[in-house]
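Novice: So that we are looking at the same thing, I have put the structure below in structure tokens.
Just so you know, all these numbers are worked out from the coordinates, no wet-lab data involved. Remember, it's a predicted structure, so these values are computed and weren't measured experimentally. All Cβ positions, glycine included, derive from the backbone under ideal geometry; neighbour counts span all protein chains shown.
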There are 4 protein chains.
Amino acid sequence: MLDCKYHYLKYIQSRDLVPAACMTDSKGDRSLPPSRQADKDQYVRIVAEKKGGIVVRGAKLHTTGAVNSHEIIVMPTRALQAEDRDYAVAFAVPAETKGVTLIYGRQPSDARRLEENQADIGNMFYGGCEAMVVFEDVFVPEERIFLKGEYTMAGRLVELFAAHHRTSYGGCKVGVGDVLIGATAAIAEAQGTQSAAHVKDKLAEMIHLNETLHAGALAAAGRGYRTTSGACAVDPLLANVCKLNVTRYPFEIARLAQDIAGGLLVTMPSLADKENPEIGEYFRKYLVGKEGVDAERRIRLLRLIENITLGTGAVSYLTESVHGAGSPQAQKIMITRLADLEANKSYAFDICGL
Amino acid sequence: MLDCKYHYLKYIQSRDLVPAACMTDSKGDRSLPPSRQADKDQYVRIVAEKKGGIVVRGAKLHTTGAVNSHEIIVMPTRALQAEDRDYAVAFAVPAETKGVTLIYGRQPSDARRLEENQADIGNMFYGGCEAMVVFEDVFVPEERIFLKGEYTMAGRLVELFAAHHRTSYGGCKVGVGDVLIGATAAIAEAQGTQSAAHVKDKLAEMIHLNETLHAGALAAAGRGYRTTSGACAVDPLLANVCKLNVTRYPFEIARLAQDIAGGLLVTMPSLADKENPEIGEYFRKYLVGKEGVDAERRIRLLRLIENITLGTGAVSYLTESVHGAGSPQAQKIMITRLADLEANKSYAFDICGL
Amino acid sequence: MLDCKYHYLKYIQSRDLVPAACMTDSKGDRSLPPSRQADKDQYVRIVAEKKGGIVVRGAKLHTTGAVNSHEIIVMPTRALQAEDRDYAVAFAVPAETKGVTLIYGRQPSDARRLEENQADIGNMFYGGCEAMVVFEDVFVPEERIFLKGEYTMAGRLVELFAAHHRTSYGGCKVGVGDVLIGATAAIAEAQGTQSAAHVKDKLAEMIHLNETLHAGALAAAGRGYRTTSGACAVDPLLANVCKLNVTRYPFEIARLAQDIAGGLLVTMPSLADKENPEIGEYFRKYLVGKEGVDAERRIRLLRLIENITLGTGAVSYLTESVHGAGSPQAQKIMITRLADLEANKSYAFDICGL
Amino acid sequence: MLDCKYHYLKYIQSRDLVPAACMTDSKGDRSLPPSRQADKDQYVRIVAEKKGGIVVRGAKLHTTGAVNSHEIIVMPTRALQAEDRDYAVAFAVPAETKGVTLIYGRQPSDARRLEENQADIGNMFYGGCEAMVVFEDVFVPEERIFLKGEYTMAGRLVELFAAHHRTSYGGCKVGVGDVLIGATAAIAEAQGTQSAAHVKDKLAEMIHLNETLHAGALAAAGRGYRTTSGACAVDPLLANVCKLNVTRYPFEIARLAQDIAGGLLVTMPSLADKENPEIGEYFRKYLVGKEGVDAERRIRLLRLIENITLGTGAVSYLTESVHGAGSPQAQKIMITRLADLEANKSYAFDICGL
């Protein structure tokens, strides 16, 4: 297996390939494990072994960037028992492999990208996309298999990957937060409210929350350690603490951004109306900010804030902050498991004289 | 003036007309009062007096329902000083009056309503729309004027209206909250998570927050009083307390709804894909919930939650909850002004022996 | 039974007696019901029936005001099953009844009441006390028994009582909050910080939170109804919502009060030091507030804030706000049970087209 | 000056002396700077220069550990202007120096340490004390002066010191949090509630909040840098972020601890009652926990939780968490000043096409 991973790594490095990771299965009834689902394909599984490889079936959801990736990497989404042995499978295949189908997901306001006037997009240059990746009896050759039936390792693999992924959110979402904070500070200046005490206080709070997320990632990485393989691993407790905050603060940061932005955020006309012969004049006259700030500047900033808090950007900034890298309850469970409660209890016993 | 209001009321009642209220001016530089703006039209004002009426100019933003209303009612948005006398104006005109232009606002995911397959709309029957209402030298006949230059009354008028409006949010947004709570409970059942302790706890929290908003409105109304005119007024302190909570809790309720809904909320394919000859089969197979729950049922519920927390419904449920009926800081100021701090201080002095 | 209650009510009214209510049993292992405890006396129970009455044994905790009451009223603390029949008992006895022992509880800073100089008490006139009430084979005559073995009624009795009790907290704790807000506003003025924007904002927040608690009680009472007996009952859902907020906001109000009060709150010398021949001069010179505010005024206000947030007053304002009238989880359970989730789900189904 | 500091450092090291740091002045009217106070002594100042040294007067509040320290170090509490030159003074003197008076502060429940039976103290071995340190015309010899009139350096000195101090709170208060979490987990086990879902969830939340504080300190230190002097400095933005969280979370951790502990926390009798010939039997019988947990074990754990959340320990865990190392507003101001808002704005401009 180690051999497979090594060769695969060399292969994607030598060709400068972009990989996408598939983790979350379709799951069916979430209260049941893979092998007890009514439809056994609700988790990706090995349906046959052939000479030189395996045949897999199932579907992975929420695969960010799959449609613009060369390689599709698949791994399990949860700890597995002996009865789930067929579900203990990890592998990589090129995106164009026979039997692989990508179904593109919708996002709020996604159709704005297809409009003639692009200005209502808000975020002019960046964006993500999600896809459901279906594997219909896909053949995976041996050299591309990383896990095959070793069910005892699935849980550990998920935990290790999740710890890194959760830490990364203390950088990724913090960067989006920086942009949102910048846009909010800029709209306050554009509208002449930047000196109001409550606006200054809310901006400070936004920065504070965003940097608290950042601190979580810095701490998890700073307390990281080198494994015997030579790779680096983050501190798992702090990684989960980092991510659990990420499931909360972006909603509050978004709320404060909307507070400072004002109601125009959701009532403004299309930027295309600026050049409309009938109403363009009103657009340009009545949507200005303070002196020197024209309507286009103001509306572009608001469209960006709309994008991040209510549009395609909110997919990544809000909902993905909740569920990406594992949902909040997954972090709560890990935090309890990783904390040293026995040590804490012993301190308490000593100090109260027991 | 009272006469005008009485006749207007009779008129709209007798014809079963739907009125929309215009309050928020375009404002320009928010740190300056109306008469000190570089462009004097940034607040609606009287630009001329004519025989039998007045001529008004300016623009009102955020007018919910303007495009489907018969009558447009205008009132000031803030307290005014003597220098702002021309801005002390309230009146009503039919929507089709010469010089009145409505500019329709955009909303997240608004274009889904124009798509062939309507299923991605989420909310199949209801929705709101916002418009900017421009008054370009509109003539208002005397019998339709309710305020003309009485600047000292503007602040009081705004406060009275705001108190009622703020109380109404403890019903309006609570109703949307009920729908969101219902959709969230239903998706938990569809996905087989309804018995997980953390899901039950989060649903209880959603209900609790929603009912706290409701309690604010019930209390403000319950402590209401009859004015000498015979009309009923709400308790203004409790009205502001009600609204300030409305600026906060819907974001937390939305976050909890997204938590329970799962990541599919923002990665799911279009419901139109269900019937697609190539991928429809995968849609129907892999997007099912627990046994007995087909993919359509699950996706329709998720589309509704998407609508309320990230789509057209979020305009009303989230951003409007912040800014409608006045922004949070307006409530904070009123709460301090309306509370009886002197009484509270006297209790403290007594009790600590001063 | 109704007869007993009627006569007892007449009796305490005619003699102007003060009763105290005993509800919470000692409980032993909280995960076990009364009849499965290793020690059967961990819930108050009927140990014998005698001619003309019953004999009871057990202990009730947390009885506020027991030591200054004439009559002790006892009722069950939870719903009961058939096997717990002996625990379905409610009655009243005079405090001096043979076999009744009151054990006074300690409170933070309680010994300050015994000090020569009373000034460090903070709250000069009021205070509560808690006691554990032990019943060692106490005989209760028939006419003082209100419940005897009717185990099916215990749960309903607890719910009805709890709803009223929970509503009352939206008045009781709000009154303490008013005093704390008054003391905090006064210390801000004494120290010259009352005009700082963040201080004004924090005071507004304190008022807002306190009035949100108040609104809960007003709403629960306002939606109350008259029962067939002629008595009035509060709305049970809103009563639980009211109380659940009470378990949270006083801690935040206390935190804000301490924020505005400043660190001197926990480092100030005894007020007795003011007259000390050696250090009194320093006390009077260095502990003044802004011009015109002497050290005594400042210290007395701080002692009151200390009392409510860290002293004997915190027993009632903080911990009792959490547990009095039932702990937070009890409210969460009731909120879920009393909400009409089925109606909410039906709204969601309609709106998303199911 | 550097010379002075070097020799002083050598001196305290060579003798193994414990120093205490005095920072917060008495301040009088907090809205006025030092030199504009009615009483010029409200900030420690140089009142005279003499041969070989200076004479200082004033008082420093909140000096933790002063009464058990050998040396008293004094530094300014704020940035200073030219007019405040006499207040730009830093020095060290032995605690027994002529003119130095320490006035011991009171704490909640402090008198329990003087009671015969020590068990109600809660924390049997540790505790802090606060003192007000008065300097009445104290002579400070030149070799003990570190700052004398260099007013431009006061602000920078305060910021540097504060950044370290604020970071340290992400260790100090986290350690107390560990003890409180341990005591809370232990009381849940003692009372048989440790398996309830809401108890597990609340413990996980307590750990999560505590580790979020810890992450702040780890991040501030991890991003620290070596100054040209060879000393290490923490990242000032993250240091302030760390401390601002410390001003909030301990109150929530304390609330959750009280929630799990139960109401007995504030109603339990003195542990001394356990051996009382009249009531000791009731104490031992009715205050047990689940099977195998005697009353003493339970009460000792509760006394420890009381100590940290409502007693002498709350001085350090709650109020000092708010004000120690600077009050919340000081952190908000620094966070805004240290954040790179201009960079954030430029990202926003780029992305929205401006």
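Novice: Tell me the trypsin sites (Lys or Arg not before Pro) within the range B:211-268 that lie in a loop according to DSSP and have at most 12 other beta-carbon atoms within 10 Å.
Specialist: none
Novice: Of A:200/D:5; B:173/B:202; A:5/A:98; B:5/B:27; B:243/D:173; C:285/D:148, which sit over 30 Å apart, Cα to Cα?
Specialist: Going by Cα-Cα distance, A:200/D:5; B:243/D:173 fall outside the 30 Å limit.
Novice: So, one more: Build a GNM of chain C with springs between Cα atoms under 10 Å: which of C:171, C:292, C:105 gets the top mean-square fluctuation?
Specialist: Of the options given, C:292 has the highest mean-square fluctuation.
Novice: Loop only by DSSP, 12 or fewer other Cβ within 10 Å of the Cβ. Give me the trypsin sites (Lys or Arg not before Pro) in the range D:1-88 that pass, ordered by residue number.
Specialist: Loop-located and lightly packed - D:51.
Novice: Still on this model: Which residue, D:61, D:341, D:244, has the most motion in a Gaussian network model of chain D that connects Cα atoms within less than 10 Å?
Specialist: The residue with the greatest mean-square fluctuation here is D:341.
Novice: Looking at the square roots a ≥ b ≥ c of the eigenvalues of the Cα gyration tensor of the range B:161-259, which shape do they give, rounded for a/c under 1.5, prolate if a/b is larger than b/c, or oblate?
Specialist: Because a/c hits 1.5 or more and a/b exceeds b/c, the range B:161-259 counts as prolate.
Novice: Could you work out, residue by residue across A:267-275, how many beta carbons of other chains sit within 10 Å of that residue's beta carbon, and then give the average as an integer?
Specialist: That average works out to 5.
Novice: Connecting C-alpha atoms closer than 10 Å in a GNM of chain C, tell me which of C:11, C:87, C:169 has the biggest fluctuation.
Specialist: With Cα springs under 10 Å in chain C, the top fluctuation among C:11, C:87, C:169 is at C:11.
Novice: Another question, if that's okay. For residue A:147, list long-range residues whose amide hydrogen, built 1.01 Å from N in the peptide plane, is under 5 Å from its own amide hydrogen.
Specialist: Sorted by chain and number, the residues that satisfy this are A:90.
Novice: Ok, one more. Taking the Cβ of residue D:126 as the center, what net charge do the other residues with Cβ under 13 Å away carry, scoring Lys and Arg +1 and Asp and Glu -1?
Specialist: Its environment carries a net charge of 0.
Novice: Quick one: in chain B, whose Cβ comes closest to the B/D rotation axis, and how close in angstrom?
Specialist: Minimum Cβ distance to the axis, with residue: B:197, 2.
Novice: Could you line up B:232, D:4 from fewest to most neighbouring Cβ atoms inside 10 Å?
Specialist: Taking fewest neighbouring Cβ atoms as first place, the list is B:232, D:4.
Novice: If a/c stays under 1.5 just call it rounded; otherwise compare a/b with b/c (prolate if a/b is bigger, oblate if not). Do that for the protein assembly as shown, with a ≥ b ≥ c from the square roots of the Cα gyration tensor eigenvalues.
Specialist: Rounded, because the longest to shortest axis ratio a/c is under 1.5.
Novice: Nearest 500 deg cm²/dmol is fine: what mean residue ellipticity at 222 nm does chain A get from its DSSP H runs of n ≥ 4 alone, each adding -39,500 (n - 2.57), divided by its residue count?
Specialist: Mean residue ellipticity at 222 nm (helix-derived): -14000 deg cm²/dmol.
Novice: Sticking with this structure for a sec: Which net charge results for the neighbourhood of residue D:246, defined as the other residues with beta-carbon distances under 11 angstrom from its beta-carbon, given Lys and Arg at +1 and Asp and Glu at -1?
Specialist: +3
Novice: Okay, next question. Taking θ = phi - 60°, what integer Hz values does the Karplus form 6.51 cos²θ - 1.76 cosθ + 1.60 yield along the range C:89-105, in sequence order, with x for Gly and Pro?
Specialist: Karplus values, whole Hz, x for Gly and Pro: 9, 9, 6, 9, 9, x, 4, 8, 4, 4, x, 8, 10, 9, 10, 5, x.
Novice: Now, a different point. Please give the average number of partner chain Cβ atoms lying within 10 Å of the Cβ of each residue in D:107-119, rounded to a whole number.
Specialist: What the average comes to for D:107-119 is 4.
Novice: Placing a label point 7 Å from Cα toward Cβ, how far apart in nm is residue C:10 from its equivalents in the other copies, listed shortest first to one decimal?
Specialist: Spelled out, the distances from residue C:10's label point are 6.3, 9.5, 10.1 nm.
Novice: While we're on this one: Taking amide H atoms as placed 1.01 Å from N in the peptide plane, list the residues 5 or more away in sequence, or in a different chain, whose amide H sits under 5 Å from that of residue C:64.
Specialist: C:131
Novice: Distance from the Cα centre of the range B:90-154 to that of the range A:224-289, in angstrom?
Specialist: After rounding, the separation between the Cα centres reads 28 Å.
Novice: Please order D:172, A:242 by the number of other Cβ within 10 Å, starting at the fewest.
Specialist: Listed from fewest to most nearby Cβ atoms, that is D:172, A:242.
Novice: What is the mean number of Cβ atoms from other protein chains located within 10 Å of the Cβ atom of each residue in peptide B:31-39, rounded to a whole number?
Specialist: 2
Novice: Also, quick follow-up: By the gyration tensor of its Cα atoms, with a ≥ b ≥ c the square roots of the eigenvalues, what is the shape of the range B:1-74: rounded for a/c under 1.5, prolate for a/b over b/c, or oblate?
Specialist: oblate
Novice: A further question follows. What is the order of A:31, B:26, C:229, fewest Cβ neighbours within 10 Å to most?
Specialist: Least to most surrounded, the residues fall as C:229, A:31, B:26.
Novice: Separate question: Show me, for the range C:203-219, the HN-Hα J-couplings you get by feeding each phi into the Karplus relation (A = 6.51, B = -1.76, C = 1.60, θ = phi - 60°), rounded to Hz, glycine and proline as x.
Specialist: Whole-Hz 3J(HN,Hα) from phi for the range C:203-219: 5, 4, 5, 4, 5, 4, 5, 4, 6, 5, 4, 4, 4, x, 5, 4, 5.
Novice: While we're here: May I ask you to report, in nm to one decimal and beginning with the shortest, the distances from residue D:277 to the same position in the other copies, taking label points 7 Å along Cα-to-Cβ?
Specialist: Ordered by increasing distance: 4.5, 10.1, 10.9 nm.
Novice: Longest span of chain C, sites excluded, free of GluC sites (Glu not before Pro) in DSSP loop with at most 12 other C-beta atoms within 10 Å?
Specialist: Result for the longest clean stretch: C:117-277.
Novice: Something else: To the nearest 20 debye, what charge dipole does the range C:229-287 have about its Cα centre, counting +1 at the Cβ of each Lys and Arg and -1 at the Cβ of each Asp and Glu?
Specialist: 180 debye
Novice: Mind giving me the FRET efficiency for residue C:68 and residue C:294? R0 is 51 Å, r the Cβ-Cβ distance, nearest 0.05 is fine.
Specialist: About 0.90, to the nearest 0.05.
Novice: Largest first and in whole Å, give the semi-axes of chain A's equivalent ellipsoid, each being the square root of 5 times a Cα gyration tensor eigenvalue.
Specialist: The answer is 42, 29, 17 Å, longest axis first.
Novice: Amide H neighbours of residue D:106 under 5 Å, counting only residues 5+ apart in sequence or on other chains, H built in-plane at 1.01 Å?
Specialist: Under 5 Å from the amide H of residue D:106: C:268, C:270.
Novice: Sticking with this structure for a sec: Assume the label is 7 Å from Cα along Cα to beta carbon: what separations in nm does residue B:128 have to the matching positions in the other copies?
Specialist: 3.0, 4.2, 4.9
Novice: Apply the Karplus parameterisation 6.51 cos²θ - 1.76 cosθ + 1.60, with θ equal to phi minus 60°, to every residue of the range C:44-61 and state each ³J(HN,Hα) to the nearest whole Hz, in sequence, with x for glycine and proline.
Specialist: For the range C:44-61, the Karplus curve yields 4, 8, 7, 9, 7, 10, 10, 4, x, x, 10, 10, 10, 9, x, 9, 10, 9 Hz.
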